Every structure is written in structure tokens, then in C-alpha cells.
Amino acid sequence: MAIVWSATIFLSAFLLFLVQPMMAKMILPMLGGTPAVWNACMLFFQTTLLAGYGYVHLLTSWVDPRRQVFVHLLLLAVPLLLLPIGIPTAWTFPDQTNPVLWVLLLLTVAIGFPFFMLSTTAPLLQKWFSWTSHPSARDPYFLYAASNAGSMVALLGYPFAIEPWVPLRGTQGLSQTMLWSIGYGTLVALLGTCAWLLRREHVHGAAASTSRSKAQAGVPLSPLPMLTRLRWILLAFIPSSLLLGATTHLTLNVAAIPLLWVVPLALYLLSFILVFAKWSHANHRAMIITLPVVLLLLMFNAIPFAPSLPYLVQLLLPLVGLSLVAMVCHGELARTRPTTDRLTIFYLLMSIGGALGGLFNALIAPIAFNDIYEYDLILVLAACVLPRLEGADPLWLSRWIASQWGSRLRDAGDLPWIAGVVLTAALCSALSYSLAQPPRILDAVLAGIPLLLCYACIRRPLHLGLALGAVLITTNVISNVFDDPVLYQTRSFFGVLTVKADGDVHRLKHGTINHGMQRMQPELRRESVSYFHPAGPYGQVFAAFRGPESKKRIAVTGLGIAALANYAEQGQSLTFYEIDPAVVEIAQNPKLFTYYDDAIRRGVDLRVVVGDARLKMLEAPDGAYDMVILDAFTSDAIPVHLLTREAMEMYLRKLAPDGLLVIHISNRYLALEPVLGNLGNVLHLFGLKQFGTSNDTILQYAADIVVMAKQKEALGALDKDPRWTPLLQSSTVGLWSDDFSNVVSAIKWSK
């Protein structure tokens, strides 16, 4: 019997979490590939999960067990009429600057009811299983591990086994949406089998009595303490919010692709699997001991003057931190789980915490903060709720720090101790900034001293969290005094934009990546710098097509600071396609950057179209441009939907017969040359590439540029330039399309 119940829950969770990256991938092309799409999707998934758990709680509390089976099977069968899932054909694209509500509405219409019914399976079947005569019926929480195992298999299987081999929609029977529909039909049959097995148990009387019937029988349940309810919600809230924070960090700096969404979510679910499946007290204690050390490393990485950690550490540390926080918080939930008569309210409160985490990250934080502060804030909160360590601390370092400093700092009182930590952090910060290019080891020591003082209070979690928060606030305040002044900063649906002044140089940063700079002295501001300097690939492209050979009509995806407008002269027209209105505001503000304003003054026909480049360029007439430049980035991530076969075919339609396609593919994590090589081969294009190198100055960056054309003659002088070489192809990468992209094969596994 248990095998059938486990298989049903496993399949339900598999379908539940398989549909998440599927739908997100369908929505991405409409919203420019921004990672905020995933946060909005997660908010929908979490709130729908909350609704499902609420339904289960009401159903099992107020409806007779036999009627429960009939009602639920009837509702479960309704989505069969709505399959296959997908975006409605008449659905319009969003025009608003923050389309979170648009995403929520779209998901509600597209998959709302099927997703709602799937979300009810795990808690409902656990409740039904508790009414059986099975030996494990008294503690059915082991089925929750089966649920999370199904979820993780779906998440890890999607980027590695499903996305690379099965088309998303396709025209054939074998597509992701069709296979999902078959799986849903199988689930209905399995759940019907569970209902039949339950009926064979002759469920009646006390074994199946609901909370309502118990109350009517004079055996009311004792009230669940409010403090317990709030603690369960908080323990679910922290990992949920941190999950989205870690995902945003990765997708902003790598790529907005399902692969980098599912890895943090898989780790999050793995914690549920482990802690609800015979997780020992010794293992839980080990997680509690290890977490503060990892929190200190994460805080070290967040201190402005601290030296950068190694590349691989920076990539993996947020994932390790998420895993440990989830293990500790979910471990506490598993340790304090109630008996089966409170099973549904337990899951309901957990889902409330999860939904609040999504609400905080997707809706509240972008409005409340002008930077991504929610990630560090949740790390501080995680330190505050650490369970107290009992017995001897096995970590020699913490024992030594506590013996040297812990007792005297604690004896001094809370406020003097926090003040001491703040003063130490301020002195270390000021010393680091006052020294001219201090050694990295000295910066590391100065950043570590206040953190070690925080660690002295490991046995008092609330004080540990407050101290870490004080260190972060203090070091950031001091950095604002000594660091380059911030001229402008804003946060939109598409990320955080910051303009800083470094002497006469203004820089635009999106997330952690420089997206352009300009020298603001009047005699120097026409100089092209950063990725666009004259000696680099961009400069060579425009040098090869100037004068009578110049491209008169140019389209550019991604405005940035309008640096490419610096190469345009009177008689040329430039159309910038930019999805983020905040970027347009920055580029057009001459107090921040003047490339845009100067180009207009020179007589360049310059205009900006706000919206996703791929969607908006469709509105241009065929053959409208002599050159199309793809220079769209989200932090360091290139939106993948701009590099598919369908996208390339659209660009080619918009190009004149002798037009040139220029693609900027610089990326620290993805090798995109073979992707374009394969596309060029299938579309019969002539392609060249140059991977630029930077010199010793800070004003010239390396840029990896690819040029492609329908005719070899359209490559002009670049075809005879030895610095430009043919594109490489790779069979392992495959041919990327809107329904297929093998991103795993494009990852640079070594820097």
C-alpha cells in the first residue's frame, strides 16, 4: 500500500515542479530574460501552494472522509479538460514597467487550476494515509520526503535530461507540454487507486474523525500556542526568502536560464527530504554548528572593502549558505512537527511562511530598497533564529574566542557590546580606505576582525544576528564616505542601476557589472571607452564601415549609456531597443552621460523604443536596417531568447540583403561562440569572431564580438583582417531554438 501512496505523491510533486521551469521559460521571451520573472513565478507558485494547503485543511476538517474522496477526485479531473498547458494565444504583452501582476495573472489563467490541484496532493494523501491501518500511519511525514524527492527529480531532470532533448511545445506528440499532460492523466488514475485502497480500509469512527467531529464528541483539541504558529511561519519564511535572494544573485551574474533557477530550488527541496526522513539529532546539531561559520563567510563577501573571494567560492558560497540555512530551519520544523491531528494546519502554516518569503522578495523588497538588501537582511535574520547550542562546543576557534572575549563582552551588557562591535568595524573600515592600495591580506584581516568579535557570541543567536547586521551597516556607511560618490541609483523590475563618479569618469553598473563609462571632460567625452574603445572589435567594425561604406540604418538591442551612438554621424539613424525605462532615463540625462545628447546635436537620427527588443523589432518593416547590433545584457547575463533560431531568422528579415549582424557575447560563464556557429551553419550565414583583449588601462575592456551576414561581401574589410577568424561549431551544443536550448553544454566549467 505504501508504495502506491508514495508513487502518487512522487508523481504529483514531479509534475508540480516540472511545470515551474516550463512556464517560466515560456514567459521569459516576453520580459527580456530578467531574473525577476522567476521571483514573480515563485510568488505565484507559493501563493497557489498556500491556497492548496488551505483547501486541504478545510476539506479534512469539515467534510466527511468518504465525501472528501468524491469531491477531490471530481475537482482533480476538471483540469483534464484544460490540457495541454500553455500561454493563451490571444494573450497581450505587458507595457508596464513592473509587470509582476501581469505575470501572476498570466500564470493564473494558464496553469492556475491544474497547479492548485497538484499542490493539494502531498498533505491530503498524508492525512488520508494516517487513517489507514498501516504501521506507519501514526507518523505519515515520511511521505513528505517522497514528495520532495519527486520535486527534486523534476528540477534536476529538467535542465539535464528534458530541456536539452525534448522541445517545449513543438508540433509533434513528443513535447514537454504533451508529456506533462500524459503525466497528469496518470496521476488522476493513481489517486483514484489510493481512494479505492482507502475505501477498502473501511474508514470510520475515531480513526477518521475530523477535528470538527472530535469537538462534537466532546474531545476538543487543545489550542495551538500562537508562539508555536509564529515560529513555524518564521522558520519557513527565512529559507523561502533566501532561496529567491540566492537565485537573483546567480541569475543576475550568470544567465536568466532555468538551469540556474532550479539548482537553488533543488537544494531547498533536498533539505526537506533529509530532515523529514529520519534525520538524526547529531546531524541537526552539526548543521547548527556549521551554519555560523558559513554566515561569517557570506558576510565577509558582503563587506565592501574585503578582498574578493576566489571565483569558484563566490559561485558556490551562496548555494552552500542557502543549503545550511534551509537544513537548520527545516530541521527545526521537522523536529517540532505535531501529531497527525494537526498535520494540515502544520503544512498550512509552513506554506504561509513560504508565501510570505515570495511576497517579500518579489513585491515588497523592490519597492522598499533601492538595492538588493533583502539577501543580507535574511542572512542576519537566519543568525538571529539559530537554535541554541547545548553541551560543549566542538569548534576550538569559537571556544577560544568566547574564552578571550565572549564573557567580558557579554558582561558589559548588550548595548555596550554592540557599540564595541560597531566601533571596531568602523575603525577597520576607515583604516582600509585610508591606506593607499593595502595588501589583500591586510584587507582580509581588517574585514575579519569585527566578524570574529561577532562569532564570540555564537551561543546567543539574537546577539550574533544583531552584531552581524551592525557590521554590515557600519562598513557600508564608511564605504559610502570613502568610495566613489553615487550620482544616481534606482531599482526596477529588471535590476539595480547605479551611476558612480570616479574623478572625471562616470560609470553605469547593472548589478555587479560595469555597463559603460564616459569621460565627462568636454574635450574627452567623445572618446569611446570600456567595451567600445576604438582599438577593440567594436571600434574595428565601425572603422571598416565608415564614409561611403557606412551603415546608414542601425538597430541596437540594449541602450546602456548609448555608447554606440558615439560612432554615429550625421546622416545615420540609430534605433535603440531597451526594455528598462530606467536605463532610458539615465542615458538621456546629460548630467550623467552625454553620448545620447551629443549624437542628437551632431544630427544623428536617434530614437529609443521601450520594450523587449525581439518583440518590438517585429514591428519594423522587413529590410529596415543595414546593421543590427545585439548588445543586451542583464548584469553579466545575455538573455538566451535573443540567441535562438527564431530570433536570428527575425533579425535577418529586418536586415537589408547586404546587412550586417553584430553580436556581443562577452560572458564569464557561458561560451556562446559554438551556439552562433551552429546557427550560422543552418541559416547559411558567413560569420567571423574576435575575442578582444584589454590593455593595462582601466578605460579599455575586452569584448568578444561576432559578425554575421547573408553574403560574404557584406563582411567588408573584416573578411581580410587576420584578427577576425571563422566561427567554431559544436555538435554538443545543438541548435538553439525557442523550444530547445542545451545551456549545460555551453557552460565554461573552468575560468
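No lab work stands behind these numbers, since they all come straight from the coordinates. No experiment lies behind these values; they were computed from the predicted model shown. Every residue, glycine as well, gets a Cβ built from its backbone with ideal geometry; the counts of neighbours run over all protein chains shown.
Through the Karplus equation 6.51 cos²θ - 1.76 cosθ + 1.60, θ set to phi - 60°, convert the phi angles of region 46-59 into ³J(HN,Hα) values in whole Hz; use x for Gly and Pro.
6, 5, 5, 4, 4, 4, x, 5, x, 4, 5, 4, 5, 4
Sorting check: for 263-271, 498-506, which peptide has the highest mean count of neighbouring beta carbons within 10 Å, and how do the rest follow?
Working: 263-271: 23.2, 498-506: 16.7.
In descending order of packing, they fall as 263-271, 498-506.
Report ³J(HN,Hα) in whole Hz for each residue of region 592-599, in order, from the Karplus equation J = 6.51 cos²θ - 1.76 cosθ + 1.60 where θ = phi - 60°; Gly and Pro get x.
Working through the residues one at a time gives 9, 8, 10, 4, 5, 5, 5, 5 Hz.
Sort region 464-609 into rounded, prolate or oblate with this rule: let a ≥ b ≥ c be the square roots of the eigenvalues of the Cα gyration tensor; rounded if a/c is under 1.5, and if a/c is not under 1.5, prolate when a/b is larger than b/c, oblate otherwise. Show your work: numbers first, answer last.
Values: a/c = 2.62, a/b = 2.15, b/c = 1.22.
In terms of gyration-tensor shape, prolate.
With charges set only on the Cβ (+1 for Lys and Arg, -1 for Asp and Glu), what does the dipole of region 536-630 come to about its Cα centre, in debye to the nearest 20?
Working: 10 positive and 12 negative charges, 42 e Å.
Once rounded to the nearest 20, the dipole reads 200 debye.
Show me 122-134, 720-732 ranked by packing, highest mean number of other Cβ atoms within 10 Å first.
My ranking of the peptides, most packed first, is 122-134, 720-732.
Going toward the positive end of the dipole of region 480-607, with +1 on Lys and Arg Cβ and -1 on Asp and Glu Cβ, which of ASN566, MET520, THR498 do you reach last?
In region 480-607, that residue is ASN566.
Which ³J(HN,Hα) values, rounded to whole Hz and listed in residue order, are derived for region 175-190 from phi using the Karplus coefficients 6.51, -1.76 and 1.60 in 6.51 cos²θ - 1.76 cosθ + 1.60 with θ = phi - 60°, glycine and proline given as x?
Karplus values, whole Hz, x for Gly and Pro: 9, 4, 5, 6, 5, 5, 4, 4, x, 5, x, 5, 4, 4, 5, 5.
What does the charge count near ASP597 come to, summing +1 for each Lys or Arg and -1 for each Asp or Glu among other residues with Cβ under 11 Å from its Cβ?
Details: positive: ARG525, LYS591, ARG601, ARG602; negative: ASP598.
Cβ neighbours under 11 Å give a net charge of +3.
Hey, which of these cross-link pairs are over 26 Å Cα-Cα: LYS552/LYS720; LYS551/LYS689; LYS509/LYS591; LYS551/LYS591; LYS500/LYS616?
Values: LYS552/LYS720 23 Å; LYS551/LYS689 19 Å; LYS509/LYS591 16 Å; LYS551/LYS591 30 Å; LYS500/LYS616 31 Å.
Too far apart for the 26 Å limit: LYS551/LYS591; LYS500/LYS616.
How far apart, in nanometres, would the label points at THR339 and GLU549 be if each is projected 7 angstrom from Cα along the Cα-to-Cβ direction?
The two pseudo-label positions are separated by 8.6 nm.
Kirkwood Rh and Cα-based Rg: tell me the resulting Rg over Rh for region 452-534, rounded to two decimals.
Numbers: Rg = 18.7 Å, Rh = 15.7 Å.
Answer for region 452-534: 1.19.
Let me know the charge dipole size of region 229-378 about its Cα centre in debye, to the nearest 20, where only the beta-carbon of Lys, Arg (+1) and Asp, Glu (-1) is charged. Don't skip to the answer; put the middle values down first.
Values: 7 positive and 5 negative charges, 115 e Å.
So the magnitude is around 560 debye.
Over region 593-683, what number does the Rg to Rh ratio reach, with both radii from the alpha-carbon atoms and Rh per Kirkwood?
Working: Rg = 14.6 Å, Rh = 14.8 Å.
Over the Cα atoms of region 593-683, Rg/Rh equals 0.99.
What residues qualify as long-range amide H neighbours of ILE629, i.e. H under 5 Å apart, gap of 5 or more or another chain, H built at 1.01 Å from N?
Amide H neighbours of ILE629: ALA555, VAL556, THR557, VAL662.
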